[in-house]
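The values are calculated or read from the model by the stated rules, or taken from the named source; none is laboratory data. Since the model is a prediction, treat every value here as computed from it, not as a measurement. Please note that ligands, DNA and RNA were not included when accessible areas were found on the heavy atoms of the full protein model with its side chains. Shrake-Rupley method; radii C 1.70, N 1.55, O 1.52, S 1.80 Å.
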Amino acid sequence: MNVVVRYFANLRELRGRESESVNFPAGSTAGSAYVFLGLPPALPVAFAVNLNRVAAETPLCEGDELVFLPPIGGG
């Protein structure tokens, strides 16, 4: 299934892009998509699908927009 993935902060730097279209296996969830992409497992991220904060177990659907929200530090 084709999903648009958007990256912010250090994830954007790691991937070298702000967004991309990814073909995930059927039955993928927000959390499994993060693992599928090989993103840092130790980084505590939040997930959003179609502008709504969701749990990692939330299933993805064709055409969804998935956003990974890493912690943002400031000073």
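If contacts are Cα pairs under 8 angstrom and at least 6 residues apart, what is the relative contact order of the chain in percent?
41 percent
So what's the back-of-envelope 222 nm ellipticity for the chain, counting only DSSP H runs of four-plus at -39500 (n - 2.57) apiece and dividing by all residues, rounded to 500?
Mean residue ellipticity at 222 nm (helix-derived): -4500 deg cm²/dmol.
Roughly how many Å² is the accessible area per residue of the chain, as a whole number, for a 1.4 Å probe?
59 Å²
Over the Cα atoms of the chain, what Rg and Dmax result, in angstrom?
Calculated on Cα positions, Rg and Dmax stand at 11.6, 41 Å.
Need the full-extension length gain, ARG6 to SER32, defined as separation in residues times 0.36 nm minus the C-alpha distance. One decimal, nm.
Values: separation 26, 0.36 × 26 = 9.36 nm, distance 1.53 nm.
Gain on extension, ARG6 to SER32, equals 7.8 nm.
Of all the accessible heavy-atom surface of the chain, with the other protein chains kept in place and a 1.4 Å probe, what percent is carbon and sulfur?
Ligands and nucleic acids excluded, carbon and sulfur give 56 percent.
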